[in-house]
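The values are calculated or read from the model by the stated rules, or taken from the named source; none is laboratory data. None of the values given here were measured: they were computed from a predicted structure. Don't worry about glycine lacking a Cβ; one is built from the backbone with ideal geometry, like all the others, and counts go over all protein chains shown.
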Amino acid sequence: MSTVTRRSFTPPQKAEIVRRHLAGKEAVSNLATEFQIQPSQIHTWVKLVLDQAEAAFQRQGGNRRADDGKDRRIAQLEEKLVQKNEVIDELMEENVRSKKANGGL
């Protein structure tokens, strides 16, 4: 009785096979013969790629909007920090003047 060893493909190999089918318009049967795998395996990989296609577009647009929102928030917080420091400076000057007037310094 002969034993059949299970073949495994790396993610780049799977991607190349799917690309050749989708972009190169190569028949699944030809690719299956070339790589000695079942055509259903290639169909499974193609389905996996197509199911994740929407996520690829969402990440691209979502990151830019999130970055813009973060940049706006950082600018707002920096502006508030500047205002806070100005108020503290005014209060410190007023406190020093008050102490000098009362003979505290």
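Being surrounded by 10 or more Cβ atoms within 10 Å (Cβ to Cβ), charged (D, E, K, R) and within 24 Å of the chain's Cα centre (by Cα), is that true of even one residue in region 40-49? Yes, there is a match, as at least one residue in region 40-49 is surrounded by 10 or more Cβ atoms within 10 Å (Cβ to Cβ), charged (D, E, K, R) and within 24 Å of the chain's Cα centre (by Cα). Going by the conditions given, is A32 in contact with a helix residue (DSSP H, G or I) (Cβ under 6 Å, 6 or more places away or on another chain), without any contact (Cβ under 8 Å) to a residue 12 or more places away in the chain and of a type outside the set (K, R)? The answer is yes for A32.
Pairs linking a residue in region 80-98 that is surrounded by 10 or more Cβ atoms within 10 Å (Cβ to Cβ) and part of a helix (DSSP H, G or I) to a residue that is modelled with pLDDT under 90 and small (G, A, S), with Cβ atoms under 9 Å and 6 or more positions apart or on different chains, are S98/G104. Return a yes/no flag: does region 41-51 have any residue that is free of Cβ contacts under 8 Å to residues at least 24 places away in the same chain, over 23 Å from R6 (Cα atoms) and charged (D, E, K, R). Within region 41-51, one or more residues are free of Cβ contacts under 8 Å to residues at least 24 places away in the same chain, over 23 Å from R6 (Cα atoms) and charged (D, E, K, R).
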